[in-house]
Amino acid sequence: MFYIRMIAAALLPAVLLLLYIWKKDTQKEPTYMLLKAVAWGIGIIIPVVVVETMIKMMLFGENGTPATLADTTALAFLVAAIPEETFKLLALWMVLKNNPYFDEHFDGIVYAVCVGLGFAAVENISYVFSQDNWAAVAVTRALLAVPGHYAFAVLMGYYYSVYHFVNRSPKVAVCVLLAPVLAHGIYDALAMSSMVNPYVGGVGFAILIVFCIKMHKRAYAKVQALVEKDRWMGTDNNC
């Protein structure tokens, strides 16, 4: 029962966010396709861990740890944000290529969120089970880390759909990966600033809260934009 509570605490935020984005979708995707996207998000955990471990060893050595803001920023972008978002994009591409159900603008966000939260759910379990104060870790990550992965996924899915349906310019293509990498990297850099010293960490955490609020407002705007786009297209097609 104890371990069931831990697993439930780790999975609940990802499940709730998946349900939220699923309810936003007016034309529901097949359940098996959504599960496939979640499975891809889970499946990329292993290659991500391998790549991140290799990059971290190259940057800091086998037992080295970040000691400066430059170090933590490198850790945030080079070890975490770039590998994770690159593999998420690969997973999203695998799910959407030749997918006959990818026929609405909002679908890009739906599938990207499934991939991102599949990844976040497993990552969350690993964090919760590795800490003695697992309940506090679960609550903190439910409020920050898992919603962070959700927001990164919304940005990726938004630009993926814009590129697929609207504008195949190089600028939009770059944004498919660049937008989530920047959001993820800034988030992690602020969160990891406490590794330098507690004072820097305190300032970093305050900025992180402001950043998260702005990031989620932007993610909400992207969600609403594509929902309205599909609603308008549906109305236009019925005229």
When Glu62 is run through (1) among the acidic types (Asp, Glu); (2) assigned to a helix (DSSP H, G or I); (3) within 27 Å of Asn197 (Cα to Cα), the failure sits at (2)
Hey, among the residues in segment 125-168 that are open to solvent by 30 Å² or more (accessible area, probe 1.4 Å) and hydroxyl-bearing (Ser, Thr, Tyr), which one's nearest to Leu96 (Cα to Cα)?
Tyr160
Run down Val122, Val115 and say which single residue is buried (at least 24 other Cβ atoms within 10 Å of the Cβ) and within 24 Å of Asp188 (Cβ to Cβ).
Val115
Being open to solvent by less than 60 Å² (accessible area, probe 1.4 Å), β-branched (Val, Ile, Thr) and farther than 19 Å from Ala145 by Cα is true for just one of Val95, Val79. Which residue is that?
Val95
Out of curiosity, is Met6 farther than 24 Å from Ala145 by Cβ, open to solvent by less than 20 Å² (accessible area, probe 1.4 Å) and assigned to a helix (DSSP H, G or I)?
no
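Okay, residues lined up against (1) in a helix (DSSP H, G or I); (2) touching a helix residue (DSSP H, G or I) at 6+ places or on another chain (Cβ under 6 Å):
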site	(1), (2)
Lys28	no, no
Leu35	yes, no
Ile42	yes, yes
Trp93	yes, no
By residue number, the members of segment 98-120 that are over 18 Å from Gly148 (Cα atoms) and in a helix (DSSP H, G or I) are Asp107
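Quick grid of which residues meet (1) touching a Ser or Thr at 6+ places or on another chain (Cβ under 9 Å); (2) under 22 Å from Glu85 (Cβ atoms):
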| site | (1), (2) |
| --- | --- |
| Pro30 | no, no |
| Ala37 | no, yes |
| Trp40 | no, yes |
| Ile45 | yes, yes |
| Glu52 | no, yes |
| Glu62 | no, no |
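The values are calculated or read from the model by the stated rules, or taken from the named source; none is laboratory data. Bear in mind that the values here come from a model prediction, so they are computed numbers and not experimental data. Counting neighbours? That spans all protein chains shown, and the Cβs are built from the backbone with ideal geometry, glycine included. Surface accessibility is based on the protein's heavy atoms, side chains included, excluding ligands, DNA and RNA. Shrake-Rupley method; radii C 1.70, N 1.55, O 1.52, S 1.80 Å.
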